[in-house]
Amino acid sequence: MEKERVVLAYSGGLDTSVCLKWLMVEKNLDVIAITGNVGQDEKDLAEIKQKALDLGCIAADAVDMRDEYAADFLTYAIKANGLYENQYPLLSALSRPLLSKYMVEIAHQYGAKYIAHGCTGKGNDQVRFETSIRALDPSITILAPVREWDLHSRDDEMEWARANGVPVPTTNKKPYSIDDNLWGRAIECGVLENPWNEPPDDIWTMTAEVNDAPDEPESVEIAFEAGVPVALDGQEIGLVDLIIKLNQIAGKHGFGRLDMIENRLVGVKSRECYETPAASTIIKAHKALETICLDRETMHFKHVVEQQWATCVYYGQWYSQLKNSLDAFCQETQKFVTGTVRLRFHKGNCTVTGLKSDYSLYDYGLASYSADDTFDHAAAKGFIDLSSLPFVVWSGKQGPASC
Ligand code: ARG
């Protein structure tokens, strides 16, 4: 009898390799292993694919998702200045819905009834995968081997791997859990689990230590069109290449490190370190451009929308009505967010040093204190009389609202 099929999100690491074999051995399933290239530092995708085939899956594929990731996910994150808890650029949260979309499509192609992932029961990524998959096709059954098996320690897992012919890494891997893609790199676990411990130097790979960063500052110019970066230093460039370049430049100057305690969706506070040189630079530049291109009320309200957008995406609700509606608002605000931002990197810092836009709402005559002043000073009196009226009325009734 034909076996049922499962599509597995496969990274090539020990966990997902054990998952692959476990689905075959314990669940008697035919496995289709899918690896998404979202710009991670993983060297050789052909090698990962071969490894999956060697483990016995019936099909394996490494799909280049980078352009789609940039166009359909990162542009939205840029327009929304997406930062969870005001800091984290959401690199893991943005890649999971894209991977999920591919897994659902591939499950349909292969007539697979199941989709599996290698996430633990404690993190956000399981929620993101499963919420996305269920939103896209609720008829698919999700398997989460790591949540289900009784391999409780890494030693248990290695032992099971050896007994079942899964190659076990010989080098002692660094004790961190790492996830990376174009939008940055997340590092957790090991000594980082104690918030009093300073992050050891060896966790950082994309950003230089400030002491090792060049003594000379370096400036770049990023041009945006309707909220999306389109050129670097006057040269038109695709978003993927722009991100790769900015990761190098900003990283070399030691900009883009984050060390934070973050509120996970599953109720746990966790210590997370991130390196996001390009993401942090682009969002900084985009926010700066918005200060001249958005009107005051829109900008203030957009801050509220941005918080909600980031929370929604962090919670795994990419394919939701709320997320689409927030995107629609952000999209409308970006019509005139076209212009150029100059930034200077130096010793771990990134400073905005210039802004220009044909749509700039900055009006020299209104702003200037020089002879060019066009502002109607006399009009200010009536404005203040009326805008302060509620406080005058209050004060007359209840006395001054002092503390
Ligand atoms: N805390 C981040 C998030 O939930 C990153 C998780 C990344 N996973 C990892 N294995 N380090 O989006």
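Brief remarks follow.
- Within the set 267, 234, the sole residue that is within 15 Å of the ligand (Cβ to nearest atom) and surrounded by fewer than 19 Cβ atoms within 10 Å (Cβ to Cβ) turns out to be 267.
- Residue 311 vs. criteria away from the ligand (no atom under 16 Å from the Cβ), of a type in the set (Val, Ile, Thr) and assigned to a helix (DSSP H, G or I): no
- Scan of region 44-59 for residues that are out of contact with any helix residue (DSSP H, G or I) (no Cβ under 8 Å at 6 or more places or on another chain) and either hydroxyl-bearing (Ser, Thr, Tyr) or in a loop (DSSP other than H, G, I, E, B) (or both), ordered by number: 44, 58
- Matching entry among 327, 385 (being surrounded by 13 or more Cβ atoms within 10 Å (Cβ to Cβ) and charged (D, E, K, R)): 327
- Cβ pairs under 6 Å, 6+ apart, first in region 289-310 and within 19 Å of residue 75 (Cα to Cα), second surrounded by fewer than 14 Cβ atoms within 10 Å (Cβ to Cβ) and at pLDDT 95 or above: 293/359
- Residue 35 passes every criterion in (1) buried (at least 20 other Cβ atoms within 10 Å of the Cβ); (2) among the hydroxyl-bearing types (Ser, Thr, Tyr); (3) over 13 Å from the mean Cα position of the chain (by Cα); (4) part of a helix (DSSP H, G or I) apart from (4).
- Test result for residue 207, more than 14 Å from the ligand (Cβ to nearest atom) and more than 23 Å from the chain's Cα centre (by Cα): no
- Residue 246 vs. criteria more than 16 Å from the ligand (Cβ to nearest atom), crowded, with 21+ Cβ neighbours inside 10 Å and not polar (S, T, N, Q): yes
- Check on residue 336, outside any helix (DSSP H, G or I), over 19 Å from the mean Cα position of the chain (by Cα) and more than 16 Å from the ligand (Cβ to nearest atom): yes
- Residue list for region 205-255, restricted to those being of a type in the set (D, E, K, R) and either out of contact with any Asp or Glu (no Cβ under 6 Å at 6 or more places or on another chain) or closer than 24 Å to residue 335 by Cβ (or both): 209, 212, 215, 216, 218, 221, 225, 236, 241, 245, 252
- Among the residues listed as 128, 66, the single one being within 14 Å of the ligand (Cβ to nearest atom) and at pLDDT 95 or above: 128
The values are calculated or read from the model by the stated rules, or taken from the named source; none is laboratory data. Predicted, not measured: the structure shown is a model, and the values here were computed from it. A quick note on method: Cβ atoms are made from the backbone with ideal geometry, for glycine too, and the neighbour counts reach across all protein chains shown.
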